[in-house]
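What follows is a set of notes on a single structure, which appears directly below.
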Amino acid sequence: MARSAIINVMVQAAMKAGRSLARDFGEVQNLQVSLKGPGDYVSQADRKAEEIIHAELSKARPSYSFLMEERGAVEGEDDQHRWIVDPLDGTTNFLHGIPIFAISIALERQGQIVAGVIYNPAMDELYTAERGGGAFMNDRRLRVAARKTLSDAVITTGIPHLGRGHHGHALVELKNVMGEVAGVRRFGTASLDLAYVAAGRVDGYWESWLAPWDTAAGILMVREAGGFCTDIKGGQDMLDAGNIVAGNEFIHKALLKTVQKSI
Ligand code: IPD
Ligand code: CA
Ligand code: CA
Ligand code: CA
C-alpha cells in the first residue's frame, strides 16, 4: 500500500518520537516527573516527544498551526491547517511500565480531520488513516467488528483520574453500560481505545471529559474503518464537547442510548 505524502510526514514524526519514548520507557525510573494536578502526571518523556513532533512537522509544513497537549496552541501563518498532537497518550501507563501508550497526531483542514496517525512504540503498532482512504494498522486494512448486539459486545472506556472529578457521574455511566454489555475494558489510552474499535478488537468505546488531542486522530481511524463516532448528544461536537461514543452502526446506536441515560 502506497502512503500519501502527508501520511509519510506524520508517520516519520510519530516514529521518531516513538524511538524517544521507547528509550525513556526502558529507564522510566530515571525520568523527571511532575504533577499538573492530583493524579495528572507529565514527564520529560512527554515533553521530549512533543518537541520532536513539533520540529518534524514544522520542518515539513512550516506554516501550519498546532494544538498540542503540553505546549498548547501555536498559531502558524496558515490557520486553515492545524496539527492536533498528543505526544504521549497514556502517561500514567507509561510511568507504571505498562506498554499501552501512544503518540497521536491528527491533521485538521478547515475544521475537518483529514489525516490521523496513532503509534504505540512498545508494541510497534502503527495506525494510519486518511479521509476517504481507509484505515490501516501496519499497512493492513482495518474494519470495525461486526457484532450487532450490545449483550455480545466488549466495550472500552476511560474513567476520570483523581483530580478531574465527576467520579459519581462516571460511575453511573459505567453501571448503565455494565448492565448491558458482555464486558468492559479500561486500557488507559484514549487514542488506542479508538484504534482498537477501528481494528475490531473491541466493539465500542465511550468516554467523557477528554481533550481534543486524545480523540482527533482516533475519530478518523474509526470512521475510515467503517465505524461511527458522535458526542454523547449524538452530534459531531466531539472535540469541543470532550465526550465520545464509538462503534459500528449497531453498537454505536445502542451504546449511545445507554450512555445517554446518565445525562
Ligand atoms: C489520558 C488518557 C486516558 C484518558 C484520560 C486522558 P494522557 O491522556 O487518554 O485514557 O482516560 O482522560 O487524559 O494525559 O495520558 O495523555
Ligand atoms: Ca496528560
Ligand atoms: Ca491524552
Ligand atoms: Ca498526553
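The values are calculated or read from the model by the stated rules, or taken from the named source; none is laboratory data. The model shown is predicted, which means the values in this text are computed figures rather than measured ones. For neighbour counting, all protein chains shown are included, and Cβ atoms are generated from backbone atoms with ideal geometry for every residue, glycine included.
Residues of segment 15-41 that are of a type in the set (A, V, I, L, M, F, W, C) and outside any helix (DSSP H, G or I): LEU31, VAL33, LEU35.
Looking only at residues of segment 100-116 that are outside any strand (DSSP E or B) and within 16 Å of ligand 4 (Cβ to nearest atom), we find that the one that is nearest to the chain's Cα centre (by Cα) is PHE101.
Of the residues making up segment 18-32, those that are away from ligand 3 (no atom under 16 Å from the Cβ), of a type outside the set (D, E, K, R) and touching a strand residue (DSSP E or B) at 6+ places or on another chain (Cβ under 8 Å) are LEU31, GLN32.
Annotation note: of LEU150, LEU194, LEU239, the sole residue that is surrounded by 21 or more Cβ atoms within 10 Å (Cβ to Cβ), in contact with a helix residue (DSSP H, G or I) (Cβ under 9 Å, 6 or more places away or on another chain), of a type in the set (A, V, I, L, M) and more than 25 Å from GLY132 (Cβ to Cβ) is LEU150.
Could you run through segment 71-93 and say how many residues are within 11 Å of ligand 1 (Cβ to nearest atom) and either closer than 18 Å to ALA195 by Cα or in the same structural domain as GLY158 (by TED's automatic domain parsing) (or both)?
Matching residues across segment 71-93 total 8.
If you go through segment 172-188 and keep only what is more than 21 Å from GLY90 (Cα to Cα) and in a loop (DSSP other than H, G, I, E, B), you end up with GLY179, GLU180, VAL181, ALA182. Filtering segment 221-255 to residues that are over 13 Å from SER208 (Cβ atoms) and basic (Lys, Arg) leaves ARG223, LYS253.
Residues satisfying the criterion are present in segment 42-50 (criterion: in contact with a strand residue (DSSP E or B) (Cβ under 8 Å, 6 or more places away or on another chain), in a strand (DSSP E or B) and on the phi < 0 side of the Ramachandran plot).
Taken as a whole, the condition of being more than 21 Å from ASP89 (Cα to Cα), assigned by TED's automatic domain parsing to the domain that holds THR157 and in a loop (DSSP other than H, G, I, E, B) does not apply to LYS253. Taking the conditions (1) buried (at least 22 other Cβ atoms within 10 Å of the Cβ); (2) within 16 Å of ligand 2 (Cβ to nearest atom) in turn, LEU95 satisfies each one other than (1).
Just the residues that are over 21 Å from THR215 (Cβ atoms) and not hydrophobic (A, V, I, L, M, F, W, C), please, taken from segment 81-98.
Looking only at segment 81-98, we keep the residues that are over 21 Å from THR215 (Cβ atoms), and these are 95-97.
HIS96, GLY97 - these are the residues of segment 81-98 that are over 21 Å from THR215 (Cβ atoms) and not hydrophobic (A, V, I, L, M, F, W, C).
Let's see how each residue does on (1) in a helix (DSSP H, G or I); (2) within 22 Å of PRO121 (Cβ to Cβ); (3) modelled with pLDDT under 95:
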residue: SER151; (1), (2), (3): yes, no, no
residue: THR156; (1), (2), (3): no, yes, no
residue: PRO160; (1), (2), (3): no, no, yes
residue: ALA170; (1), (2), (3): yes, no, yes
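Would you call ILE105 buried (at least 16 other Cβ atoms within 10 Å of the Cβ) and either modelled with pLDDT of 95 or more or within 11 Å of ligand 2 (Cβ to nearest atom) (or both)? It is true that ILE105 is buried (at least 16 other Cβ atoms within 10 Å of the Cβ) and either modelled with pLDDT of 95 or more or within 11 Å of ligand 2 (Cβ to nearest atom) (or both). One residue stands out among those in segment 108-125 that are farther than 16 Å from PHE25 by Cβ and touching a Leu at 6+ places or on another chain (Cβ under 6 Å): the one that is nearest to ligand 2 (Cβ to nearest atom), which is GLY116. Among the residues of segment 117-141 satisfying the criterion of being small (Gly, Ala, Ser) and outside any strand (DSSP E or B), which is surrounded by the fewest Cβ atoms within 10 Å (Cβ to Cβ)? Once the filter is applied, the top-ranked residue is GLY132. Would you point out the residue of segment 153-191, among those that are more than 16 Å from ligand 2 (Cβ to nearest atom) and of a type in the set (Lys, Arg), that is farthest from ALA135 (Cα to Cα)? Selected residue: LYS175.
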